[in-house]
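Asks: Sending over a structure as structure tokens; questions will come in a sec.
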Amino acid sequence: MRLLKERIPAVAKGIVDVLIEKELIDVADDARGEVELDVESVLKEYRRTDHEITEKARDLVATRGLDYSQTFKLKSKLAAERGFGLNDEAVQWIADQIIETFHQSVHVEEIFGEDNDLRGAMGPVLKRELHVDSDLDKQVKARIRNLQEGTNDYEVEYKKTMEQIRNARKLND
């Protein structure tokens with residue numbers, strides 16, 4: 001699951017909107033944009049860390065001479081070592097980081113909800129956004145199903161096909 005870069009501002013706005021609407025946080029009207037930027041920073045950090053861990057896993061596979069199918073296993077191990085959430089744990093990790101940011105932010109006047117309430121409100125917004133990429137992933141995999149996953153040919157064709165679909169949908173990353 002990946003969070004598309006161009007969707008980050010909309011996701012941040014959606015999260016702040018739902019938290020304010022449900023009266024879980026209080027934000028001055030003139031500080032709303034700053035709170036959205038705080039949320040954006042967490043989302044951008046998630047993307048950066050995910051990319052960093054992915055590259056590290058790929059490097060380890062290459063240097064150890066492992067089969068490319070081991071990449072995800074190594075990525076999962078690296079993420080666990082860093083306390084980083086992947087897949088189903090991504091929503092939890094992102095929500096926890098946003099909550100921590102709210103506790104430290106001078107722009108959030110008051111947090112009325114418990115952490116679980118905040119996570120519960122943010123979860124659907126995050127899942128909906130992370131699901132967009134899984135739909136793209138399914139389309140790409142359907143188009144390249146003749147290639148074996150984990151091979152160099154698969155990786156090259158996956159990236160090329162993903163780019164074609166994103167260009168067609170105007171979802172460039």
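The values are calculated or read from the model by the stated rules, or taken from the named source; none is laboratory data. As the structure is a computational prediction, the values presented were derived from the model and not from experiment. Note that we place each Cβ from the backbone using ideal geometry, even for glycine, and neighbour counts take in every protein chain shown.
Asks: Right, Ile98: in contact (Cβ under 8 Å) with a residue 12 or more places away in the chain, crowded, with 17+ Cβ neighbours inside 10 Å and either among the acidic types (Asp, Glu) or farther than 19 Å from Ala121 by Cβ (or both) or not?
Replies: Details: in contact (Cβ under 8 Å) with a residue 12 or more places away in the chain: yes; crowded, with 17+ Cβ neighbours inside 10 Å: yes; either among the acidic types (Asp, Glu) or farther than 19 Å from Ala121 by Cβ (or both): no.
Considered against the rule, which asks whether it is in contact (Cβ under 8 Å) with a residue 12 or more places away in the chain, crowded, with 17+ Cβ neighbours inside 10 Å and either among the acidic types (Asp, Glu) or farther than 19 Å from Ala121 by Cβ (or both), Ile98 comes out as no.
Asks: Now a separate question. Would you mention how many residues in region 30-85 are farther than 21 Å from Leu126 by Cα and outside any helix (DSSP H, G or I)?
Replies: 3
Asks: Continuing with this model, one more query. Taking region 18-37 on its own, how many of its residues are in contact with a Phe, Trp or Tyr (Cβ under 8 Å, 6 or more places away or on another chain) and over 14 Å from Ile98 (Cβ atoms)?
Replies: The total comes to 2.
Asks: Something else: Return the total of residues in region 86-119 being part of a helix (DSSP H, G or I) and not hydroxyl-bearing (Ser, Thr, Tyr).
Replies: Count: 21.
Asks: I want to confirm something. Restricting to region 1-30 and keeping residues that are surrounded by fewer than 17 Cβ atoms within 10 Å (Cβ to Cβ) and touching a strand residue (DSSP E or B) at 6+ places or on another chain (Cβ under 9 Å), which single residue is farthest from Lys138 (Cα to Cα)?
Replies: Going through the qualifying residues, I end up with Ala28.
Asks: Here's a follow-up. Please determine, by comparing only the residues of region 121-173 that are outside any helix (DSSP H, G or I) and under 20 Å from Tyr46 (Cα atoms), which one is modelled with the highest pLDDT.
Replies: Across region 121-173, the extreme among qualifying residues is Leu171.
Asks: Okay, moving on. Report whether or not Gly65 is at positive phi, out of contact with any Pro (no Cβ under 7 Å at 6 or more places or on another chain) and small (Gly, Ala, Ser). Please lay out each step first, then the result.
Replies: Details: at positive phi: yes; out of contact with any Pro (no Cβ under 7 Å at 6 or more places or on another chain): yes; small (Gly, Ala, Ser): yes.
Here the answer is yes, as Gly65 does meet what is asked.
Asks: If we keep just the residues of region 38-55 that are in contact with a Phe, Trp or Tyr (Cβ under 8 Å, 6 or more places away or on another chain) and free of Cβ contacts under 8 Å to residues at least 60 places away in the same chain, which is surrounded by the most Cβ atoms within 10 Å (Cβ to Cβ)?
Replies: Ranking the candidates gives Tyr46 first.
Asks: When you scan region 10-43, how many residues do you find that are farther than 22 Å from Phe112 by Cβ and at pLDDT 95 or above?
Replies: Qualifying residue count for the region: 3.
Yes/no matrix, rows are residues, columns are (1) under 28 Å from Gln148 (Cα atoms); (2) over 19 Å from the mean Cα position of the chain (by Cα):
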| position | (1), (2) |
| --- | --- |
| Ile8 | no, no |
| Gly14 | no, no |
| Glu34 | no, yes |
| Ser41 | no, no |
| Asp50 | yes, no |
| Gln70 | yes, yes |
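Asks: If we scan region 67-79, do we find a residue that is small (Gly, Ala, Ser) and closer than 30 Å to Phe102 by Cβ?
Replies: Yes: one or more hits.
Asks: Among the candidates Arg58, Arg64, which residue alone is surrounded by 15 or more Cβ atoms within 10 Å (Cβ to Cβ), under 30 Å from Asn152 (Cα atoms) and basic (Lys, Arg)?
Replies: Arg58
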